[in-house]
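Encoded as structure tokens, the structure appears first; notes follow it.
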Amino acid sequence: MIEALGLGVAAEIPIVVVDVMRTGPSTGIATKTEQADLNIALYGMHGDAPHIVLAPISVADCLLTTQWATHLAEQLQAPAIVLSDQFFGQARAVVDRPADVAFAGGRKRAEANAPGYKRYALTATGVSPMAIPGTPGIAYTADGLEHGERGTPSSSAADHLAQLEKRAKKLHSLDYGDHWAEIEGEGELAVITWGSCTGAVREAFTRAKADGVSARLVSLRLLSPAQPEKLRESLAGVTRALVVEQSFSGQFLRYLRAEYDDLPCELTSLRRPGPLPVRPDEIHRKMLEWSRA
């Protein structure tokens, strides 16, 4: 499966893969939730293979996040991974009817009989026109080998560098707008989280507010590519942040420290592996401790 995702990166093929995480490793605890596939979703491909990773933050948000993933995969001609988890996958919830969301843009398509067509042309945005199979007058090679602009396999160092830069540019130059995270509340204390932990954090916020503790919630929906400038802006005025996740090794904390190495606040961790979920009362107590330390 990883090899196939790498092929999607190299051949610039839109695809959406949904990973409903459960407790691991291997078959682990098959019916219990965990957030420990984060590392493999972010970094688990052969070579330098930029791709998209998103995570819904509620049952209702599974629809929006998957719609957005499909749109981004088509627009950027790249694989997108949606990291859901067992908690969402087997939950029942009453939600408001989702609003109709229309994402602008779509796949950039090649015109029929285009002269001198280059499937992997080096464009300003990194996105090149993609021919639909059967388009008259257009044929090209699409496989896992490195290639030049026409798709012909190449072992040239210059072609390899040019295509690496092309694939990275298209992901990092796009403005992802406001969907990258959910941001709520104000205060010098923040809680940074993702996925199904978001609901427990929101309940903890309600309890903390009754104790006179105000805080800011930042729940990341877009995990890759990282958005360091936007996260710094969302944490303006924050001096301390609690990172809440459901993994044994603190994968999300390590990710933040690796991809967001100049955050304007001190970080501490509240993490736990499955099968037990992270509960609102634990987060509430940690928020009180961290705010008074």
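The values are calculated or read from the model by the stated rules, or taken from the named source; none is laboratory data. Values in this document were obtained by computation on a predicted structure and should not be read as measured data. Cβ sites come from the backbone with ideal geometry, for glycine too, and all protein chains shown count toward neighbours. We work out accessible area using only protein heavy atoms, side chains counted, and drop any ligands, DNA or RNA first. Shrake-Rupley method; radii C 1.70, N 1.55, O 1.52, S 1.80 Å.
When the stretch 26-42 is filtered for residues that are under 23 Å from Arg279 (Cα atoms) and part of a loop (DSSP other than H, G, I, E, B), the ones remaining, listed by number, are Gly28, Ala30, Thr31, Lys32, Thr33, Glu34, Gln35, Ala36, Asp37.
Could you pull out every one of the helices (runs of 4 or more DSSP H) wholly within the stretch 211-293 that has 2 or more residues that are open to solvent by 10 Å² or more (accessible area, probe 1.4 Å), of a type in the set (D, E, K, R) and in contact with a Lys or Arg (Cβ under 9 Å, 6 or more places away or on another chain)?
280-292
Inside the stretch 130-145, residues that are touching a helix residue (DSSP H, G or I) at 6+ places or on another chain (Cβ under 8 Å) and surrounded by 15 or more Cβ atoms within 10 Å (Cβ to Cβ) make up a count of 1.
Checking the stated criteria, Pro50 turns out not to satisfy the condition of being open to solvent by 10 Å² or more (accessible area, probe 1.4 Å), in a loop (DSSP other than H, G, I, E, B) and without any contact (Cβ under 8 Å) to a residue 12 or more places away in the chain. Checking Val82, Val127 one by one, the residue that is open to solvent by less than 50 Å² (accessible area, probe 1.4 Å), in a loop (DSSP other than H, G, I, E, B), aliphatic (A, V, I, L, M) and touching a helix residue (DSSP H, G or I) at 6+ places or on another chain (Cβ under 6 Å) is Val127 and no other. Among the residues examined, Glu74 does not qualify as open to solvent by less than 50 Å² (accessible area, probe 1.4 Å), among the acidic types (Asp, Glu) and outside any strand (DSSP E or B). Among the conditions (1) surrounded by 17 or more Cβ atoms within 10 Å (Cβ to Cβ); (2) part of a helix (DSSP H, G or I); (3) of a type in the set (Ser, Thr, Tyr), the only one that Thr193 does not satisfy is (2).
Here is a check on your reading of the model: is Thr198 in contact with a strand residue (DSSP E or B) (Cβ under 7 Å, 6 or more places away or on another chain) and either surrounded by fewer than 15 Cβ atoms within 10 Å (Cβ to Cβ) or touching a residue at least 60 places away in the same chain (Cβ under 8 Å) (or both)? So Thr198 passes the test. Evaluation of Ala104 against the conditions (1) in contact (Cβ under 8 Å) with a residue 12 or more places away in the chain; (2) part of a loop (DSSP other than H, G, I, E, B) shows that the sole unmet condition is (1). Of all residues in the stretch 26-47, those satisfying the criterion of being open to solvent by less than 50 Å² (accessible area, probe 1.4 Å) and either under 30 Å from Gly126 (Cβ atoms) or within 17 Å of the chain's Cα centre (by Cα) (or both) are Glu34, Gln35, Ala36, Asp37, Leu38, Ala41, Leu42, Gly44, Met45.
State which residue pairs qualify: first residue in a strand (DSSP E or B) and inside the stretch 138-163, second residue open to solvent by less than 70 Å² (accessible area, probe 1.4 Å) and charged (D, E, K, R) in any location, beta carbons under 9 Å apart, and separation of 6 or more residues or different chains. Qualifying pairs under 9 Å: His147/Arg119; His147/Asp159; Pro153/Asp143; Pro153/Glu146.
Among the residues making up the stretch 7-25, those that are open to solvent by less than 20 Å² (accessible area, probe 1.4 Å) and outside any loop (DSSP other than H, G, I, E, B) are Gly8, Val9, Ala10, Met21, Thr23. Test Gln246 against the criterion of being in contact (Cβ under 8 Å) with a residue 40 or more places away in the chain, over 23 Å from Val20 (Cβ atoms), in contact with a helix residue (DSSP H, G or I) (Cβ under 8 Å, 6 or more places away or on another chain) and not small (Gly, Ala, Ser), and give yes or no. Judged against the criteria, Gln246 is not a match.
Right, Gln35: under 18 Å from Gly177 (Cα atoms) and touching a residue at least 24 places away in the same chain (Cβ under 8 Å) or not?
Working: under 18 Å from Gly177 (Cα atoms): no; touching a residue at least 24 places away in the same chain (Cβ under 8 Å): yes.
Here the answer is no, as Gln35 does not meet what is asked.
Restricted to the stretch 16-43, and to residues there that are touching an Asp or Glu at 6+ places or on another chain (Cβ under 9 Å) and of a type in the set (D, E, K, R), the residue that is nearest to Ala55 (Cα to Cα) is Asp19.
Residues that are touching an Asp or Glu at 6+ places or on another chain (Cβ under 7 Å), under 24 Å from Thr66 (Cα atoms) and hydroxyl-bearing (Ser, Thr, Tyr) within the stretch 199-242 comprise just one, Ser219.
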